[in-house]
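The values are calculated or read from the model by the stated rules, or taken from the named source; none is laboratory data. Just so it is clear, the model here is predicted, and its values are computed rather than measured. Here the Cβ positions follow ideal geometry from the backbone for every residue, glycine too, while neighbour counts run over all protein chains shown. For accessibility, only protein heavy atoms count, side chains too; no ligands or nucleic acids. Shrake-Rupley method; radii C 1.70, N 1.55, O 1.52, S 1.80 Å.
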Amino acid sequence: MDYSSPTTWAECDEAKEELDFELKTFTVRDASLDLAFERADRSKASTSSELAKVDSKIASNTALLGVASIDAQTREEATDELAALQVRRTTLTKRKRLTTGVVRFLGEVDAEQIASQVATLTAIRDGIAPHRATLSA
């Protein structure tokens, strides 16, 4: 990195302040990603649990509808509930898909970009002080 552009202490100080601010923004982004990953993990666990319950109810209603001797009202209620459960299952499956696969991978890519950017900005900021020391007040 060429540090010859800042030619005064004030310019060095200003450059350092700007880099410090930029580093703060990446720190916030990093913390936000950590929270998003944590939320995704919690959501995935919760979604998996809820999906298992829905699957169990679907199996129960399907078995009930397989009984030839149930009355018309029970059949209608079980059919309606089964339809609602299948919609719920679709929603949960979509939610689970959002917390895995490509979406998760892209979040990890973003985290890598942040880490690289922080390392670069930190190295550049740390190089300002030695350059500043070569300048007169």
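Taken over region 95-137, residues that are within 26 Å of residue 6 (Cα to Cα), touching a Phe, Trp or Tyr at 6+ places or on another chain (Cβ under 9 Å), of a type outside the set (A, V, I, L, M) and part of a helix (DSSP H, G or I) amount to 5. All of 75, 132, 95 fail the test of being open to solvent by 40 Å² or more (accessible area, probe 1.4 Å), farther than 24 Å from residue 25 by Cα and in contact with a Pro (Cβ under 9 Å, 6 or more places away or on another chain), apart from 132.
Figure legend. Inter-residue proximity from region 1-28: first residues closer than 13 Å to residue 125 by Cβ, second residues part of a helix (DSSP H, G or I) and among the small types (Gly, Ala, Ser), beta-carbon distance below 7 Å, spacing 6+ or different chains. Indicated pairs: 1/127; 3/127; 6/15.
Listed by first and then second residue, the pairs linking a residue in region 72-95 that is free of Cβ contacts under 8 Å to residues at least 60 places away in the same chain and more than 17 Å from residue 45 (Cα to Cα) to a residue that is part of a helix (DSSP H, G or I) and open to solvent by 80 Å² or more (accessible area, probe 1.4 Å), with Cβ atoms under 8 Å apart and 6 or more places separating them unless they lie on different chains, are 81/57; 85/57.
Across region 98-107, what is the total count of residues that are surrounded by 11 or more Cβ atoms within 10 Å (Cβ to Cβ) and at pLDDT 75 or above?
The first filter runs over region 98-107 and keeps only residues surrounded by 11 or more Cβ atoms within 10 Å (Cβ to Cβ), leaving 98-100, 103-104, 107.
Filter again for at pLDDT 75 or above, leaving 107.
Number satisfying all stated conditions: 1.
With 85, 33 as the choices, which residue is over 30 Å from residue 112 (Cβ atoms) and either surrounded by 15 or more Cβ atoms within 10 Å (Cβ to Cβ) or at pLDDT below 90 (or both)? Explain how you work it out, then say what you get.
Details: 33 fails: over 30 Å from residue 112 (Cβ atoms).
It is 85.
For region 55-73, the condition holds for no residue, the condition being that it is modelled with pLDDT under 85 and among the hydroxyl-bearing types (Ser, Thr, Tyr).
Close Cβ contacts (under 6 Å, 6 or more residues apart or on different chains) running from residues in region 46-69 that are without any contact (Cβ under 8 Å) to a residue 60 or more places away in the chain to residues that are open to solvent by 70 Å² or more (accessible area, probe 1.4 Å) and of a type in the set (Asp, Glu) comprise 61/81.
Taken as a whole, the condition of being at pLDDT below 90, over 30 Å from residue 133 (Cβ atoms) and open to solvent by 60 Å² or more (accessible area, probe 1.4 Å) applies to residue 113.
If you filter region 4-30 down to residues that are surrounded by fewer than 15 Cβ atoms within 10 Å (Cβ to Cβ) and aromatic (Phe, Trp, Tyr), you find that the one that is farthest from residue 97 (Cα to Cα) is 9.
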